[in-house]
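Let me begin by handing over the structure; questions about it come next.
The values are calculated or read from the model by the stated rules, or taken from the named source; none is laboratory data. Please read these numbers as outputs of a predicted model, since none were measured by experiment. Here the Cβ is made from the backbone with ideal geometry for all residues, glycine too, and neighbour counts use every protein chain on show. To get the accessible areas, we keep the full protein, side chains included, count just its heavy atoms, and leave off ligands, DNA and RNA. Shrake-Rupley method; radii C 1.70, N 1.55, O 1.52, S 1.80 Å.
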Amino acid sequence: MARSRSSFLVPLGFSNPWLLLLCIWIVATGADRLWLAVDQGIPAWDPADYLNSAVDHGRALGLLPGGGWPGLQQFLHLSPKIPPMASLVNGSAMAITGELPDQAAWVLALWHGLLLLVLFLWGKALHSPALGLLAALLAALTPALALLRVEFFLDLPLTATTTMALWLLWRWQRASPDGGQYHQSILAALGVAAAIMVKQSALLVLVGPCLWAGVSGFQQRHRSLQVLMGLALITAVILPWLHQNWVTTIGGTHRAVLQSAAAEGDPPPLSLGSLLWYPRLWQQQLGVVPPLVALGGLAMVLHKGLVSTRTGDGLNCRRGWPWLLICTLSGWFFITLSPNKDGRYIAPLLPLLLLWLSLFWLVFAERLQMWLGRYCSSALMVTLLMAAAAHTGARRMGAMETTATPKALPQLVRFLRRTTGDAPITLLVLPGSAHVNEHTATFYGRLNGGQLLGRSLGDSPAHHHLVLDQAEWIVLANGDQGHHSANVKRLSHAIRQDGRFQKVGSWPEEQESRRAGEQESRRAGEQESRRAGEQESRRAGERLELWRRAGPEQGITIAERFVELAQGLADGPVGLARFMEQIGPMHQLDGHFLYQDQVHAWSGQRLQTDPHAADALWSLAAMAILNRSVSSANHWLLLLEEALPHNPWPTAYRAAVFLTNWQAGPAKQALRSLTPAQQEEPLLRALVDLAATLGGDLPRLPALHRSLQGAIEQVQEALSEELSPDTPEGELSPAPTRASGNHGFSVE
């Protein structure tokens, strides 16, 4: 069967595959824009978080209002947990399309276009333009990918870049003269680096094929240099970001993968439930029609042996399918190994499955042409494609939020923006639901150069007193409180009863909510009117309230508390545990870190009168560590070593700063000043062993293992004692109070 007979995709008068590919992209984009125009939803947790990251990077590049270039180090810190490439592209596109959710979604059409282009080129190289077009068409009709085209996740950019990386890697690893060229190795390396810089989970899809290609390349002398050059290029692209953010990346990955998996009850890796987790979703993700038609083609292959790599024998396929099989199986296996399971995490594997489905669709189409003739078979295949499109369209309609009721959170944020202007405001959002959360509040609070940040605090009773004493603007809800509802309800009740707060307003506004309900009632029939009324009643109980502090703050301020906590670092593990436990809630209350300006000014005044003032030096050193400024932290800790010659902890923190900056040599040098008795402290012993091991003393690994266990136990014990048995519920155990200072703080 010649490849030219697979012609059911070519309408009358259109024989240019590039024009057909463009038409597929335009029609899919038009359907997406129509869906977005009708949908009334607002960004939920993850989409709002990714939109905020795009705004961060767009502002840093000077493309969006409200920001400017912060310097390279601070720029790299804008993406502490997930690499910045997608945010850079998205933020740059938002400068053209606009910042509103539907405007920002235009960039998803660009990522979708990249995916379709790569699928077409890969399918064309594997078999023919017909297979490439069919793969692109099925990708446009796939329910899972269709959803990602209208939801601002990173999964569509990740899918497009990983597919591109695997295709470029295949082009290089082919036998000469088709592969093995220097420009192919450079492009493959850049593709791999780009995918990883979109999201580090790209490694799950890329690690197997990269190892296969690398090992194969090293077996050929003329490709060995290309492998080394590719590794160097990938490292050069990834290293600057990873060097600045590896600690937060590890912490974020631990929370997002391990802790989330445990909280959601996902099956353990390598269990039967884990191995079957994603295959059982493929019918839902790929639709019903494409897999069924492909199964028909596969049955024909198994029965008749219609697929061959020999020219003129059966459905001629070029070499490259074994590579696709390696990529498919490897990607499925490593994604399955991830403890955290979510349907969209398998998205990078779907284009590879679509290439396989497209092959069997062509087998099915070729056999139909033999049985029914060209025109009848083409009509049937087009009908099947239309059925697939209808199924995906129905799924998309089911995911659409069409209620005309105004969304309360954007209304509330717009009111607060009008009230406060562009002042740096931190808005505490107590409810935690899909559309009422801190990320969504931040997104609407920063539109058009705004500086309003949403933050969340209150799910733990230990933080309630901080909210009551320090929070200024708070969002409460009357209805469902979302996650941690019991604690949030308790805190909400305390705020409403606290005379230091007053209610500013509630949303949706009564007039707009009533108008929306009347519109729904007019559209509905008599039976549906009753249902609309019930829905309106439920929404009335889900109103949001804005509260503002009316009375003075009680207790010490955030700046004063920070000075106390910083001084506690002099006590070693106990002070370090207290600092780690309490700095997070403080940053939720002050999202702009305005307290740091106060602490910096106060510390400068203290040092003018007393150059060896330990409280000021500890405060400046702690701020430098939090801001990941190695040179500044080293400077202030050196001054603390002079001011406190018998205290080992300034030296320990200085060594830790060097180690986090991958400077084992300076860390070893700093730790040499510790006395033998001081080195018996578990945490200090672990630092000494870690610095020595990273500095090349590998025989010290067993000692490092033992000392790290002791250090972890010491810090965990200190953390467990943070809430002492005598502390009332809802209060953190206080930091030890020092002597009073003379510059506006009640601590020294």
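Which FRET efficiency, nearest 0.05, do Y375 and Q103 yield, Cβ-Cβ r, R0 51 Å?
With a Förster radius of 51 Å, E is 0.70.
What number comes out for accessible area per residue over region 563-624 if the probe is 1.4 Å? Units Å², please.
33 Å²
Explain nothing, just compute: Karplus ³J(HN,Hα) = 6.51 cos²θ - 1.76 cosθ + 1.60, θ = phi - 60°, for every residue of region 29-46 in order, whole Hz, x for Gly and Pro.
Residue by residue, region 29-46 yields 5, x, 5, 5, 5, 5, 4, 5, 5, 8, 5, 10, x, 10, x, 8, 3, 5 Hz.
Multiplying the sequence separation of S460 and S485 by 0.36 nm and subtracting their Cα-Cα distance, what value in nm do you get?
Difference between extended and current length: 7.9 nm.
Within the set K199/K341; K407/K503; K81/K407, which residue pairs have Cα atoms separated by over 28 Å?
Pairs exceeding the cut-off: K81/K407.
Give, as a single signed number, the net charge of other residues whose beta carbon lies under 15 Å from the beta carbon of C327, with Lys and Arg counted +1 and Asp and Glu -1. Please report the intermediate quantities before stating the final value.
On the way: positive: R171, R174, R319; negative: none.
Computed value for this residue: +3.
Given H placed on each backbone N at 1.01 Å, which residues far from N647 in sequence or on other chains put an amide H within less than 5 Å of it?
none
Return the distance in nm (one decimal) between the two label points of a simple spin-label model at Q73 and M580, each offset 7 Å from Cα along Cα→Cβ.
2.3 nm
Given Cβ point charges of +1 (Lys, Arg) and -1 (Asp, Glu) and nothing else, what value in debye, to the nearest 20, does the dipole of the chain about its Cα centre take?
Working: 57 positive and 57 negative charges, 713 e Å.
So the dipole magnitude of the chain works out to roughly 3420 debye.
Would you tally the net charge around S673, using a Cβ to Cβ cut-off of less than 13 Å, leaving S673 out, and scoring K and R as +1, D and E as -1?
Charge balance in the 13 Å sphere: +1.
Rounded to the nearest 500, what is the chain's calculated 222 nm mean residue ellipticity when only DSSP H runs of at least 4 contribute -39500 (n - 2.57) each, over all residues?
Mean residue ellipticity at 222 nm (helix-derived): -20500 deg cm²/dmol.
Which peptide among 672-683, 407-418 comes first, and what is the full order, when sorted by highest mean count of other Cβ atoms within 10 Å?
Averaged packing, sorted descending, gives the order 407-418, 672-683.
Which percent of the accessible area of the chain is formed by carbon and sulfur heavy atoms (probe 1.4 angstrom)?
Percent of accessible area from carbon and sulfur atoms in the chain: 61.
Using a/c under 1.5 as the rounded threshold, could you call the chain rounded, prolate or oblate? The axes a ≥ b ≥ c are square roots of the C-alpha gyration tensor eigenvalues, and prolate needs a/b larger than b/c, oblate otherwise.
oblate
What FRET efficiency comes out for Q679 versus S631 if R0 is 30 angstrom and r is the Cβ-Cβ distance? Round to the nearest 0.05.
Efficiency at R0 = 30 Å is approximately 0.70.
For F501, list long-range residues whose amide hydrogen, built 1.01 Å from N in the peptide plane, is under 5 Å from its own amide hydrogen.
Result for F501 returns A550, G551.
Still on this model: Taking H as built 1.01 Å from N, whose amide H comes closer than 5 Å to the amide H of G454, not counting residues under 5 places away?
Sorted by chain and number, the residues that satisfy this are L427, T442.
Pull out a ≥ b ≥ c, the square roots of the eigenvalues of the alpha-carbon gyration tensor of region 165-297, then state rounded if a/c is under 1.5, prolate if not and a/b is larger than b/c, and oblate in the remaining case.
oblate
List, in order, the whole-Hz ³J(HN,Hα) value for each residue of region 258-268 obtained from phi through the Karplus relation with A = 6.51, B = -1.76, C = 1.60 and θ = phi - 60°; use x for Gly and Pro.
Couplings: 6, 5, 5, 4, 5, 5, 8, x, 5, x, x Hz.
Turning to a different aspect of this structure: At a 1.4 Å probe radius, which order do I346, I26 fall into by accessible area, largest first?
The residues order as I26, I346, largest area first.
Right, next: Show me the ranking of peptides 179-191, 250-262, 208-220 by mean Cβ neighbours inside 10 Å, starting with the highest.
179-191, 208-220, 250-262
From the protein chains alone at 1.4 Å, what is the descending order of accessible area for M229, M370, largest first?
On the way: M229 70, M370 95 Å².
Descending accessible area places them as M370, M229.
What does the charge add up to near T392, with Lys and Arg as +1, Asp and Glu as -1, over the other residues with Cβ less than 13 Å from its Cβ?
Cβ neighbours under 13 Å give a net charge of +2.
Right, here's the next one. Where the centroid of each part is defined by its Cα atoms, how far is region 347-399 from region 215-276 in Å?
Each part's Cα centre sits 35 Å from the other's.
May I ask you to give the solvent-accessible area per residue for region 93-140, in square angstrom, as obtained with a 1.4 angstrom probe?
In whole numbers, region 93-140 has 26 Å² accessible per residue.
Still on this structure, I have one more. For region 561-664, rounded, prolate or oblate, judged on the Cα gyration tensor with a ≥ b ≥ c (square roots of eigenvalues), a/c < 1.5 rounded, else prolate if a/b > b/c?
Because its axes are fairly even, with a/c under 1.5, region 561-664 counts as rounded.
Right, something else. Mind checking the per residue accessible area of region 202-287 for me, 1.4 Å probe, whole number of Å²?
56 Å²
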